[in-house]
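The values are calculated or read from the model by the stated rules, or taken from the named source; none is laboratory data. These figures come from a predicted structure and were not determined experimentally. All Cβ positions, glycine included, derive from the backbone under ideal geometry; neighbour counts span all protein chains shown.
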Amino acid sequence: MNPAVLTGEHFMTGDVACAEGALAAGCRFFGGYPITPATEIAEHISARMPEVGGTFIQMEDEIAAMASVIGGSCAGVKSMTATSGPGFSLMMENIGLAICTETPCVVANVQRAGPSTGLPTQGAQGDMLQARWGSHGHYEIIALAPSSPQETFYQTIRAFNLSETYRMPVLIMTDEMVGHLSERVVIPKAKTIKSVSRPRPKGRKDRFKPFEPGPNGVPPMAIAGEGYNIHVTGLTHDEMGYPDMTVEAQDKMMARLVGKVRRNLDDIISTEGYRLEDAEIVIVSYGVSARTSLAAVEEARDQGIKAGLLKLNTVWPFPEDQIRRLSERVKGFVTVEINLGQIHLEVERCACGKVPALLAGHPGGTIIPPDQVIETLKEGF
Amino acid sequence: MVAETTRPQEVMRSGHSACPGCGVAMGMRMVLRALGTRSVVVMVPSCVSIISGPYPNAALNVPVFHSAFEVAAPTAAGISNAFKVQGIDDIPVLAFAGDGGTFDIGLQSLSGAADRNDDFIYVCMDNEAYMNTGIQVSSATPRFAWTSTSPRGNTRRKKQIMEIMAAHRIPYAATACIGFPDDLEKKVERAKEVRGTRFLHLLSPCPTGWKMAEHMAPKSAVAAVETNIFPLYEIVDGVQYTITHISKGLPVETYLSLQGRYEHLGAEEIRSIQSEADRTWADLHKKDR
C-alpha cells in the first residue's frame with residue numbers, strides 16, 4: 001500500500017484533509033510556520049512527511065516559508081505551505097515571484113477574520129480579493145475554495161495538478177469553519193488519483209529556451225542539475241530567461257503569463273449548480289458559505305421563491321461568462337460570503353446592471369446564517 | 001503600615017488570562033514591577049499578548065500597544081523616537097515578545113533596531129516554543145524537546161540569541177529567569193539606568209508546553225540555572241561578561257526529569273545535553289573577566 005494515500009474512510013478535519021490531499025497529490029516538501037487556524041496542517045504533515053520520504057521544515061516566518069516552497073519546487077519537488085491572514089500578507093511578495101518565475105506551488109489560506117490580528121480563532125472569507133490582487137503588479141491567479149473536509153482533500157490534489165499544469169502558484173482559499181470541521185472523508189485507492197506533473201523539456205540541451213511556451217502557453221520546466229541551463233529571475237525576461245528591460249519584453253511576458261490562464265478557463269474553472277434550471281434568483285457562494293446557501297435555497301423554495309445556487313469551486317479566475325449568461329435570464333443575484341462584499345463586486349460587475357446583485361455578508365467570526373440569506377432575498381426581490 | 005510602605009507597586013494586576021502556573025505571567029509581573037507605572041509597553045502576538053488580557057479587562061496598568069508579530073523592536077523604536085521629538089525622556093519603552101517573535105520572525109527587525117541602538121528595553125519571554133498556537137517548535141526550542149511539529153524530538157540546537165545580541169554591541173544584555181526574582185529585578189533596574197537598545201532574555205517555564213504540573217514553573221526555572229542549562233549573566237557593551245549567579249552545577253537530569261517534553265530521552269541524548277551544558281558554563285567562565 002502506498003503510505004502517502006490513506007485509502008479508506010476517515011473522520012478528519014478540513015486541515016488534516018488538506019495535508020492528506022497534499023501527500024496524495026505527491027507533495028514532498030512543506031515549509032511551514034504556525035498560525036491559527038492553519039497550524040494543524042503543518043502539525044499533521046510534520047508527522048506524515050517522514051513516512052513518505054518527504055521533508056517538513058518549520059521556517060522562521062511566513063516570508064521564509066513561501067520562499068522555501070518556491071526553492072523546493074524549482075529543485076523538482078512538489079511543494080506547499082499553509083497559513084492564515086497575517087501570514088498570507090507576509091507571503092505576498094514571494095507569491096508574485098512564483099507568478100513571474102512560473103514556479104508551481106500550492107498555498108492554503110485557512111481564512112480567519114481580519115484586518116490585522118482580527119479574530120484569530122474565528123473564520124471569515126475576507127482575503128478573497130487579497131488572493132486575487134495581493135501581490136504587486138498585474139497578474140492572473142488560480143484560487144479554489146472547498147466547502148467540506150472531503151472537498152478540501154480533492155481540491156488540494158486539484159490545486160497541485162493545476163499548479164503543475166500551468167506552472168504557477170495555486171491558492172486553496174479555505175476558512176476556519178471548514179478547516180476545523182470534522183467530517184467523513186473518503187480517500188480513494190491510490191491508482192484512481194490523477195496526479196499531474198509539470199511539463200519537462202525534451203531535446204537538445206544547448207538549444208533550450210527556458211521560457212519558450214508549449215502548446216497551452218506553458219513553457220516546459222527544467223530542474224536545476226539535469227543539464228539544461230537555468231536562470232530564474234523576477235525581472236522581466238525573454239524566452240531565454242534573460243532580463244529585458246523594454247516595454248516590448250514586458251508586454252510579451254505579461255501577455256503569456258496572463259494568457260495561460262485566460263486561454264484555459266474551461267479547464268481551470270469549476271462550478272456546481274443546484275436547482276439552477278428554473279431558478280429566478282441565483283445565490284452565488286463558495287467555501288463554508290456555500291453550505292449555508294444550500295439550506296437557504298431549500299428554505300426559499302419552501303416559501304415559494306425560485307432560488308438556485310451557483311457554487312464556485314474555482315473562485316479565481318472568476319466565472320464571468322457564467323454570470324453574464326445567467327444575468328440574461330434570471331431576476332437577480334445574491335452573493336453569500338463572510339466579508340462585506342468581495343466576490344459580490346465581481347458578480348455585480350458581470351451582471352452589468354441587467355439585474356440587481358445583492359450581498360448577504362458580514363465581516364466575520366461566524367457563518368452567514370441561512371435566515372440572513374432569506375431576509376436578503378425577500379427584501380431585495 | 002510597614003507592610004504597605006515596603007510592598008512594591010504592582011503594574012500587572014490579577015485577573016490575567018494565562019494558563020494556571022504560567023511562568024511567563026510571573027516573569028511579566030516581575031519585569032513590570034521593576035519597570036514602574038510610568039512606562040509604555042509594546043507587545044506582539046505571543047503568550048504575553050494573551051496573558052495581558054483584552055482591554056478593558058486588561059492586566060497591565062500602563063499604556064499597551066499590541067503590534068504585529070514581526071515588529072516588536074521597530075514599534076518600540078518609533079515610540080521612543082517620538083518621545084524624544086516631544087522632549088520626553090523619562091518614560092521607558094519596553095517591548096515584550098515571545099521566543100518565536102524574537103528568535104524567528106522578529107529577528108531581522110530586532111537586529112535593525114539594535115544596529116541603530118534605538119532606545120528601548122526588549123524583553124524576550126522565552127518559553128521555548130510557539131505555546132500560544134499550541135506548542136510548535138521554534139529556534140529557541142532546545143535539542144531533543146518534543147513539540148507538536150517536532151513530534152520525534154527537536155533536531156536543532158537552541159539558537160544562541162545572547163551571542164547574536166552581544167554581536168550588535170548593544171549597551172546592555174542579560175539573561176534572567178523567574179526562579180531568581182531578585183536577580184531579575186536588579187537586571188531590569190540596570191537596564192533602566194542605561195540608554196540605547198537593552199535586551200533581556202528571560203526563561204519562562206511553561207507547564208502546558210513543557211508537560212509539567214501547574215506548580216512546577218519556578219522549580220524548573222531554578223533547575224535550569226543550577227544545571228547550567230540556562231546560566232544567569234549580563235553583557236555590557238557586547239563584550240564585558242559578568243556571571244550573576246554561581247550555579248551548583250547539578251546534573252542536567254535534575255532539570256530534564258521535571259518535564260514531560262523530555263521523557264523520551266535515552267542516556268545518549270542526556271549525555272549530549274550534559275556536555276553542552278558543561279561547555280556553555282566553561283565558555284561563560286572564560287568570558288567573565
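The residues in region B:154-190 that are within 14 Å of chain A (Cβ to nearest Cβ) and either surrounded by fewer than 18 Cβ atoms within 10 Å (Cβ to Cβ) or acidic (Asp, Glu) (or both) can be counted, and the count is 3.
Across region A:109-161, which residue is surrounded by the most Cβ atoms within 10 Å (Cβ to Cβ) among those that are among the small types (Gly, Ala, Ser) and outside any loop (DSSP other than H, G, I, E, B)? If we take residues in region A:109-161 being among the small types (Gly, Ala, Ser) and outside any loop (DSSP other than H, G, I, E, B), then A:ALA159 is surrounded by the most Cβ atoms within 10 Å (Cβ to Cβ).
Answer with yes or no whether A:HIS237 is at pLDDT 95 or above, more than 26 Å from the chain's Cα centre (by Cα) and either loosely packed, with under 13 Cβ neighbours inside 10 Å or under 20 Å from A:ASN94 (Cα atoms) (or both).
Answer is yes for this residue.
Answer with yes or no whether A:PHE30 is at the interface with another protein chain (Cβ under 10 Å from one of its Cβ atoms), farther than 25 Å from A:THR366 by Cβ and either in a loop (DSSP other than H, G, I, E, B) or in contact with a strand residue (DSSP E or B) (Cβ under 7 Å, 6 or more places away or on another chain) (or both).
When the stated conditions are applied, A:PHE30 does not pass them.
Comparison of A:MET245, A:MET253 shows that the only residue that is closer than 22 Å to A:GLU164 by Cβ and at pLDDT 95 or above is A:MET253. Within region A:91-108, the set of residues being within 14 Å of chain B (Cβ to nearest Cβ) and either in a loop (DSSP other than H, G, I, E, B) or surrounded by 21 or more Cβ atoms within 10 Å (Cβ to Cβ) (or both) comprises A:MET91 only. Can you spot a residue in region B:255-263 that is closer than 23 Å to B:VAL137 by Cβ and of a type in the set (Lys, Arg)? Yes: one or more hits.
Condition check for B:GLU226 on (1) crowded, with 24+ Cβ neighbours inside 10 Å; (2) away from chain A (no Cβ under 14 Å): one failure, at (1). For region A:65-89, which positions are surrounded by 21 or more Cβ atoms within 10 Å (Cβ to Cβ) and among the aliphatic types (A, V, I, L, M)? Within region A:65-89, A:ALA65, A:MET66, A:VAL69, A:ILE70, A:MET80, A:ALA82 qualify.
Within region A:352-373, how many residues are buried (at least 20 other Cβ atoms within 10 Å of the Cβ) and more than 16 Å from A:VAL288 (Cβ to Cβ)? Matching residues across region A:352-373 total 3. Taking the criterion of being among the hydrophobic types (A, V, I, L, M, F, W, C) and within 11 Å of another protein chain (Cβ to nearest Cβ), the residues of region A:42-54 that qualify are A:ALA42, A:ILE45, A:ALA47, A:MET49. Of all the listed residues (A:SER84, A:SER73), the sole one being assigned by TED's automatic domain parsing to the domain that holds A:GLU140, more than 30 Å from A:HIS362 (Cβ to Cβ), touching a residue at least 24 places away in the same chain (Cβ under 8 Å) and not hydrophobic (A, V, I, L, M, F, W, C) is A:SER73.
Among the residues that make up region A:129-145, is at least one of them more than 30 Å from A:GLY241 (Cα to Cα), within 14 Å of chain B (Cβ to nearest Cβ) and either touching a residue at least 12 places away in the same chain (Cβ under 8 Å) or touching a strand residue (DSSP E or B) at 6+ places or on another chain (Cβ under 9 Å) (or both)? Scanning region A:129-145, I find no residue that is more than 30 Å from A:GLY241 (Cα to Cα), within 14 Å of chain B (Cβ to nearest Cβ) and either touching a residue at least 12 places away in the same chain (Cβ under 8 Å) or touching a strand residue (DSSP E or B) at 6+ places or on another chain (Cβ under 9 Å) (or both), so the answer is no. Annotation: A:ILE57 fulfils all but one of (1) part of a strand (DSSP E or B); (2) β-branched (Val, Ile, Thr); (3) within 30 Å of A:GLY259 (Cβ to Cβ); the unmet one is (3). Going through (1) over 23 Å from B:ALA129 (Cβ atoms); (2) within 14 Å of chain B (Cβ to nearest Cβ) one by one, A:HIS10 falls short only on (2). Only residues that are over 25 Å from the mean Cα position of the chain (by Cα) and either under 16 Å from A:GLU375 (Cβ atoms) or acidic (Asp, Glu) (or both) were counted in region A:274-295, giving 4.
If you take the residues in region B:185-229 that are in contact with a Phe, Trp or Tyr (Cβ under 6 Å, 6 or more places away or on another chain) and among the aliphatic types (A, V, I, L, M), which one is nearest to B:ASP118 (Cα to Cα)?
The selected residue is B:VAL194.
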